[in-house]
Ligand SMILES: [Zn+2]
Ligand SMILES: [Zn+2]
């Protein structure tokens with residue numbers, strides 16, 4: 001099979017190689033990949049900013065069909081259209097695993113970052129993490145189930161956004177616009193916030209059914225976003241940018257008793273937080289990292305019922321052979337790139 005392999009540490013070292021087909025081990029299935037999306041993590045790995053242990057096939061946002069079943073696998077059929085969670089293995093015994101928080105398991109390994117992933121024609125994955133794709137979801141959209149599950153973790157499980165709440169999503173990237181759609185689906189009044197230079201992203205937000213946007217570097221728009229339904233401020237900020245100044249700006253939008261859910265990574269930068277503001281307003285800071293199996297079920301339900309439409313976020317599609325152009329494009333802000341992996 002053809003596979004895009006990180007063959008050396010540091011920047012670069014990506015090669016499209018012919019490798020032996022993977023075999024489904026006990027409890028595994030082999031997926032024939034049809035679509036795999038690039039995310040920031042893949043770009044950072046390619047640039048050497050996130051270290052992995054080569055050789056490694058990248059790609060953790062994928063969809064395809066079941067090509068083979070390993071020993072002991074039931075409940076999945078060959079030919080079924082599927083997407084997958086990204087856990088490759090967890091211990092199953094630690095306090096986190098027993099609580100359903102297997103994304104926090106210290107022994108966790110993950111598809112595309114610690115074990116071989118989906119930028120390949122075939123990939124062996126745990127059958128337990130497989131989800132059937134609804135009939136009305138194409139493979140490219142199905143590949144975006146993983147980032148949608150990350151948004152679900154933040155909005156549904158960590159923020160517990162309720163109908164009627166004022167929510168501001170800071171950062172109009174892929175996760176931000178997915179989180180905004182999830183919050184709308186929960187019945188919240190949602191504003192997508194960014195900077196003036198995010199104009200094209202604001203247009204995309206409006207296309208996705210989120211009419212309210214705010215450039216936080218325009219005082220009038222920032223003050224309007226900070227007003228909330230009754231002039232007191234907003235209930236919840238979902239911070240997806242990871243930019244220190246945006247985190248600070250997000251905190252200042254909150255009403256007393258409000259909460260900020262941090263889902264974006266700051267990339268190692270120090271983030272100054274006005275702790276007196278946090279204390280005086282009794283704010284809650286919550287972190288949201290990755291996703292749990294529950295988030296995939298909620299995500300697919302939202303897509304099947306068309307309450308969330310990830311499709312319009314896809315800005316570019318490339319064949320696997322054009323991976324170099326795909327990675328160059330994915331490194332530019334405001335893009336979401338999908339590799340179409342066509343069977344030979
Ligand atoms: Zn990702
Ligand atoms: Zn565990």
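The values are calculated or read from the model by the stated rules, or taken from the named source; none is laboratory data. The structure displayed is predicted, hence computed values, not measured ones. Heads up, the Cβs are rebuilt from the backbone with ideal geometry, glycines too, and the neighbour counts pull from every protein chain shown.
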In this structure, is residue 134 at negative phi, in contact (Cβ under 8 Å) with a residue 24 or more places away in the chain, within 16 Å of ligand 1 (Cβ to nearest atom) and not in a strand (DSSP E or B)? no
Run down 233, 194, 228 and say which single residue is more than 21 Å from residue 144 (Cβ to Cβ), in contact with a helix residue (DSSP H, G or I) (Cβ under 7 Å, 6 or more places away or on another chain) and either crowded, with 17+ Cβ neighbours inside 10 Å or modelled with pLDDT under 95 (or both). 233
Out of curiosity, is residue 75 farther than 20 Å from residue 6 by Cβ, touching a strand residue (DSSP E or B) at 6+ places or on another chain (Cβ under 8 Å) and more than 15 Å from ligand 1 (Cβ to nearest atom)? no
Would you check which residues across segment 11-32 are within 24 Å of the chain's Cα centre (by Cα) and either within 15 Å of ligand 1 (Cβ to nearest atom) or not in a strand (DSSP E or B) (or both) and list them? 11, 12
Restricting attention to helices (runs of 4 or more DSSP H) lying wholly within segment 262-344, give those where 2 or more residues are surrounded by fewer than 14 Cβ atoms within 10 Å (Cβ to Cβ). 275-280, 323-330
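Mind telling me which of the residues 83, 113 ends up being buried (at least 19 other Cβ atoms within 10 Å of the Cβ), in contact with a helix residue (DSSP H, G or I) (Cβ under 9 Å, 6 or more places away or on another chain) and assigned to a strand (DSSP E or B)?
On the way: 113 fails: assigned to a strand (DSSP E or B).
From the options 83, 113, the qualifying one is 83.
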Please verify whether residue 156 is in contact (Cβ under 8 Å) with a residue 12 or more places away in the chain, out of contact with any helix residue (DSSP H, G or I) (no Cβ under 9 Å at 6 or more places or on another chain), surrounded by fewer than 24 Cβ atoms within 10 Å (Cβ to Cβ) and in a helix (DSSP H, G or I), treating the condition exactly as stated. no
Would you be able to tell me the number of residues in segment 58-69 that are closer than 20 Å to residue 19 by Cβ and surrounded by fewer than 22 Cβ atoms within 10 Å (Cβ to Cβ)? 3
